[in-house]
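Have a look at the structure below before the remarks.
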Amino acid sequence: MVISGAPRPATGFPSPADDYGEGRIDLNRELIPSPLSTFFMRVRGNAMRDEGIHDGDLLVIDRSLNPHVGCVVVAVFEGRFIVRRLCAQPNRPQALQLEGRDGADPPISLDNGQQEGAEVWGVVIHAVHHLKKQANGRKGP
């Protein structure tokens with residue numbers, strides 16, 4: 001006997017098909033707000049491991065954003081890309097520097113117009129961190 005209009009009792013997990021009623025998750029829309037200025041880079045090294053960014057992670061970088069103190073940024077330093085947090089210098093709050101979070105790398109001053117320091121290239125907006133270990137013991141792809 002079926003009673004129409006009566007609520008159905010919950011008996012387990014919801015059906016995966018229920019998700020289709022609200023639409024699918026579009027990772028392009030969720031992760032890339034500015035497609036023409038968004039780039040992807042893979043991390044090598046552990047300078048930002050205390051920020052949850054690990055060797056092998058995939059970064060989503062938006063070059064249209066203005067960096068501010070506290071942002072994680074990609075910068076160009078000595079001809080290579082680096083990932084660091086943008087911070088104010090302790091004794092000179094108007095001067096900015098890049099800091100790693102591994103405790104091993106010294107802070108790097110930003111370019112003062114004489115090509116001596118680093119230059120911010122873009123702002124990191126997402127870090128895709130793999131949790132599953134591969135057969136060789138490494139995380140990620």
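Tabulated data for the structure shown
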item	result
Interchain or long-range residues, amide H under 5 Å from GLY122's placed H	VAL74
Euclidean distance between Cα centres, segment 32-53 to segment 63-94, Å	13 Å
In order through segment 82-90: 3J(HN,Hα) via Karplus (6.51 cos²θ - 1.76 cosθ + 1.60), integer Hz, x for Gly, Pro	9, 10, 8, 8, 7, 9, 7, 5, x
Segment 52-126 - accessible surface per residue (Å², probe 1.4 Å)	54 Å²
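The values are calculated or read from the model by the stated rules, or taken from the named source; none is laboratory data. All values derive from a computational prediction rather than experimental measurement. Just the protein is used for accessible areas: all its heavy atoms, side chains included, with ligands, DNA and RNA removed. Shrake-Rupley method; radii C 1.70, N 1.55, O 1.52, S 1.80 Å.
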